[in-house]
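Q: Mind having a look at this structure? Questions to follow.
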Amino acid sequence: MNPQNHDRAPYRAHDLQDELMHMTAPKGNKAMLIYEDLARERRREAERVARNQRLVRQFSAVKRWERVSAWAARRAQRAAEQF
C-alpha cells in the first residue's frame, strides 16, 4: 500500500484517474511522440477515406440494382402483354 494513502479513506474516482494518468504518461522524447501522432493521424485519415469509399460503393450498388430491377420489371411487363 502506498504510504501517502495509508491514512486516507478508500480511493475516490478522481484519485484513480490521477493515478492512471500518472502510470500511463508517455515515455520517450517529444520528437518520437510527434511521429507517432502523425502516424496515428495518417491511419485515421486512411480509415476515413476507406469508409467514404465503402459508402460510395454501396450507393453505386444500390443504384445498379435499382436499374436492374426496373429493367426486369419492364421486361416482365412486356412478356405479360405478349401472352
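The values are calculated or read from the model by the stated rules, or taken from the named source; none is laboratory data. What you are looking at is a predicted structure, and each value in this text was computed from that prediction instead of being measured. All Cβ positions, even for glycine, are placed from backbone atoms using ideal geometry, and neighbour counts span all protein chains on display.
Q: Report yes if Glu36 is assigned to a helix (DSSP H, G or I) and within 17 Å of the chain's Cα centre (by Cα), otherwise no.
A: It is false that Glu36 is assigned to a helix (DSSP H, G or I) and within 17 Å of the chain's Cα centre (by Cα).
Q: I'm told Asn29 meets every condition in (1) surrounded by 10 or more Cβ atoms within 10 Å (Cβ to Cβ); (2) modelled with pLDDT of 60 or more except one. Can you identify the failing condition by its number?
A: Only one criterion is unmet by Asn29, namely (1).
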